1. What FRET efficiency do you get for residue 237 and residue 700 if R0 is 56 Å and r is their Cβ-Cβ distance, rounded to the nearest 0.05?
2. Can you give the accessible area of residue 68, probe radius 1.4 Å, in Å² rounded to 10?
3. If we sort 506-515, 739-748 on the protection proxy, mean other Cβ atoms within 10 Å, highest first, what's the order?
4. So, with +1 on the Cβ of K and R and -1 on the Cβ of D and E, and no other charges, what is the size of the charge dipole of the stretch 1-282 about its Cα centre, to the nearest 20 debye?
5. Along the stretch 229-241, what does the Karplus equation 6.51 cos²θ - 1.76 cosθ + 1.60 (θ = phi - 60°) give for ³J(HN,Hα), rounded to whole Hz, x for Gly and Pro?
6. Residues with beta-carbon under 15 Å from that of residue 625, excluding residue 625: net charge, scoring Lys, Arg +1 and Asp, Glu -1?
7. Once you place label points 7 Å from the Cα toward the Cβ at residue 707 and residue 115, how far apart are they in nm?
8. How would 293, 399 rank on accessible area, largest to smallest, probe 1.4 Å?
Amino acid sequence: MRKLIETEATFGVSHTRVPTESRPGHVALIAGFYEDVSAVTKGWKMNPVKFDSLINQTRYTWSFGSPDILPMFAEGATDKTKVETIMYGAESEDFGGAAWHLDEFVYLKVKEMFETAKVDGGLRDKLNKDKIVIFMHMLGLDTNGHAFRPTSREYLDNIGYVDKIVQDTVKMVDEFYGHDGKTTYVFSADHGMEDHGVHGDGHPDNTRTPLVAWGAGINKPVKGGRGGERAKGHDEFSENWGLDQYERNDVNQADIAPLMSSMLGIPLPMNSVGKIPLSYLSGTDEFKAQALYANARQIAEQFKTKEREKKKYRLSFVPFEASTSAGGGGIDTHLLRISQRLLMREYKEAISLSEEVIQLGLDGLSYYQKYDWILLKTVITLGYLGWMAFSAIFIIENYVLQGKASREIKRIREEDKREKDEKQREKEKKRTGKKKWTVSVVDYFVGEEDYLPSKEILEQQAKDRLEEDKKKGRIRLEQWGLFEYVMVISVFVVLSLLLYVQNLPYIYYAYIAFPYYFWIASCKQLSELFQLTDTSLNFKAQFKDLTANLATGVSNRFGQTIPMLVTVIALEMLVYTYYERRVYTVILLLMGFSWPFVIPKSVIRQEWKTVASFTFFCCATSVFTLLPVKMAENQFLCLVGGFLITGFGVFAMFFTDSIIAEVSGFDSSLSSNSSSKSSSKPTARYTTAIPGLEPSKSMYDRYLLAFQSFLVFAATLVVYSTSCSLQQRKGLPLFNQILAWLLFAVSILPIIVFPRASRYLNQHFICRLFNLFLAFAVPMVLLTISFESLFYFCFFGLMMSLLILEQIMYRVKNASILSLPLSYIPISAISASTSTSTSTSTHLSAKNSTISSDRNTYRPISYSDLRISIMFLMFINLAFFGTGNLASISSFYLESVYRLITTFSPFFMTFLLLLKIFIPFLLVSSIFVVLNTMRNLPDFCLFLLALSTTDLMTLNFFFNVRDEGSWLDIGTSISHFCISSLSVLFSTVLFVISYWGLIGNALVPVSSVRKHFKSN
């Protein structure tokens, strides 16, 4: 290839766009346009490309290579008989060994085709036709790059082998055609790769690919560097190539398709947005001018089609201004001028005008593509704000007022209905008392007393009703009637008609319906709350008392704004962590060293072990966000992480009962009254008699912890053995693979058994969390390539110590109402009890521990609960940022799955990678489920509170989405918004899984605060 660049070829860099994956890259190469970013989710195999491409326009095409790429274009061809695909099996794509044999397969099949053509007249005739393409897709470099990374010996050897294949193929083709000089060769790639063997995002190493073209119609290398100066096109990227004296001609990846079309003499792909790079053409000025003129007409036609579509259906059409003002005329005028220049043989001016038309057409296509952006941004913003308003009102009504507003409104409406029914009965009774034959015609239709009264009479009647209501203490609310509902429906119908007449996509109706519904519902509920607060003295007093809990000791208005400001600042800090993950190091260190100043000294003396462990794990976890995102395989760290988790399992097996006793036995007698500080000192009672926890079940817990520790230890050894085999290029041993899958499956069994086996009913939450940690530790260890399992260990220690500290702080803070012993109840019992409104009790243990099932026994939320929900969001983000960069697609290393599978399977590998990411998320969700119950809050309260605040982060990312600048910035901005949006869905699913499937019926301490709030 280097010799070709120096003697025959024109070369440069082809710049791709995000996502830098196989499908979008090949679509740009062969069809000439860039798919939407979401196309990466459409898959590779047997996924027809429903648009025009270079292959569609050829007479015949032979393609050789991967089954993941070739069928994509073969199935999308208009005439499938003219496209022949020769592929190796999917099992050949094995990351466990060197992949040069994939490229060997391609070369041998091409060689076989030409050998066959010497004796097969039909094949020889096809190969001698014009407008044919031979597509050689060589996947070896990509596979070796993923498996061994681009700096490995396997990758470098594969480069040499591909270079040899190019040399032999050129020689073979030229000999077959008798060196007629009518063959054009184009060498390029669909995407690049970083040094760590990953791609997908907008990193320059991923967006830069080679382009080398030579043969018929291609320009010879142009020397430009004189006197030590570099030739045109070179920069720092190519300064060490040793090719400074030859011009470097960079192109956009979509430009390659029209280049190949012009060489073949076939129409450009219909949807192509590429521009023919004239620096690669060796023809005359006339040929270049004609080729670029055809390119300009093709792009101009796309522009005009898009403009006609918009103009036809838009009620208020705003045309692309540059198309009507450039050069004193529209794009058609430009095309006419080009044709005139061609007739006059003014080819230089024709080329210049064609380039203007191409740029004009591309700008116009971009303008019409973004034509609805203002509408969409407005609607989406209103949707997020509407959801935030709706969720805020829902939280206030259900978690602050605890449903009192709904019950009050329901009571008032029932009173109004009873009064209305009573008047109707009296009216009917009075009417039926009259003689039937004496009723006049007017009375029959309107009633004797229903003649239309005057305005003065109506006003007097209204005053009389108000006086009567005041005497009886009755409240009347203005309710929505038929008119309001008709108006709401009518407005939505009008909006839908506006979308329909403009032929907008159906998804736009959902965009409109989402904010419309939430804003209407929010306004309706807010109106009722305001009316209720203004009219009901009883409810007004309750509302004042309940909302006072939000202040939690803050007496002035300025002080009440401080928690909200802190909340907004915390959310903005979480936004910034997407750009700079090291912020988490500062946050964790502040958390670790600030607790001793928040917790009372008396508690620190008693719980110094918990406080010390929290500070230690904060410091330990803070280290991981300082480590580089791009990690290499490290066997030592894998072993350390696995053995630490195993050691924890052994520790838990012997000391879980002691930990449970200390956590459960703390019974503070602190009083919140300042007068009692001197007379009473905190005491603690430790006991192993936990209500609902039978001694026999404790033995089963120990056996399970021992078994899980053994599984983690075995997984660690399997990882070490497999890693050594892969490093020695011996591939994935079958025994190791079977054993890894067996460990993976068996480790998940306890998670499936927990919700169903009676043996694990009423298991203490500490033991349940230990079991979950060890159950997920096996897949985490199997998928670890560096320090991920170490992070998993430290992260769990941090979360557990935080959980215990929060329990202690909550009980100390409410010492005056929490002086009674704790009641241990299963979460499932709480959930079941809240589904009814009547008061029942649940038998839990031999001690007959009971809890009231009235939902009103839950306490209202306070600002401290908002702090917990913000911490939930922070730990959800930290769960990934500790081991990688969530904003980068290329952070997903395929090496993580090589202990389980090495044969290329995109979706299955993606599942394993996502599982590795979600495991810490599940731990966070499970611990916050327990914390939600400990704080005497309704089910899902903390999660819904976090859900309502996370949209502030999403709006930040939404307005930061960019479509200009470097592809690294563009890709990062898009991924930030997508991740923040999808995190809502993922968090919802994970929280539900944690609530019902993981924690389930575990025993969680619930204090007597429920009875306190019920009595009030």
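1. So, using R0 = 56 Å, E works out to roughly 0.35.
2. 10
3. 739-748, 506-515
4. In total the dipole reaches around 900 debye.
5. Whole-Hz 3J(HN,Hα) from phi for the stretch 229-241: 7, 7, 6, 4, x, 7, 9, 4, 5, 10, 5, 9, 7.
6. +1
7. Taking the two extended label points, one gets 5.9 nm.
8. Of 293, 399, the descending order of accessible area is 293, 399.
The values are calculated or read from the model by the stated rules, or taken from the named source; none is laboratory data. Since the structure is predicted, the reported quantities are computational estimates derived from the model, not experimental observations. Here the Cβ is made from the backbone with ideal geometry for all residues, glycine too, and neighbour counts use every protein chain on show. Calculation scope for accessible area: heavy atoms of the full protein, side chains included, ligands and nucleic acids excluded. Shrake-Rupley method; radii C 1.70, N 1.55, O 1.52, S 1.80 Å.
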